[in-house]
Amino acid sequence: MMWHKCELQKNTGYIPDMLGNLETGEWETLLAVFCRYTPWNADNVALEGREVTRDEQQYVIPAPISELPVYATHAVIDGKRRIVTNWIDLAPRYTAIRVKAYKEVIPSELQP
């Protein structure tokens, strides 16, 4: 079981541009915790649909939801900032978060 460092953050003082991208502001770290990647199982895919499971990842945080800043909008996991889309209460010991997953495309000339 591999645990990753996770920083729950929100952007303060931002102004979105015409496309909704955050143009200015500062990232405020609300809480630093550890999380573990949780793969989708067949039941999740059947309930949520493939279009959701393809673009999102789930992580479990070993803390109850009452101890976490649920107003955090982003999570930095392994140095990559991701948008938190959902908080799932797995009381009494865990909380799951769903984050947008962006796949990095490797140019064909760099692939082995």
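The values are calculated or read from the model by the stated rules, or taken from the named source; none is laboratory data. In this text the structure is predicted, and so the values were computed from the model without any measurement. Positions of Cβ are generated from backbone atoms using ideal geometry, with glycine treated the same way; all protein chains shown enter the neighbour counts.
Structural remarks
- Across the stretch 67-82, the number of residues qualifying as free of Cβ contacts under 8 Å to residues at least 60 places away in the same chain and within 8 Å of the chain's Cα centre (by Cα) comes to 1.
- For the stretch 2-18, the candidate set comprises residues that are more than 14 Å from the chain's Cα centre (by Cα) and in a strand (DSSP E or B); within that set, the residue that is nearest to ASN86 (Cα to Cα) is ASN11.
- Matching residues, the stretch 74-99, being surrounded by fewer than 13 Cβ atoms within 10 Å (Cβ to Cβ) and among the charged types (D, E, K, R): ASP78, LYS80, ARG93
- Cβ pairs under 8 Å, 6+ apart, first in the stretch 86-112 and within 14 Å of PRO62 (Cβ to Cβ), second of a type in the set (Asp, Glu) and at pLDDT 85 or above: THR95/ASP89
- Residues within the stretch 56-75 that are in a loop (DSSP other than H, G, I, E, B) and of a type outside the set (Gly, Ala, Ser), tallied: 7
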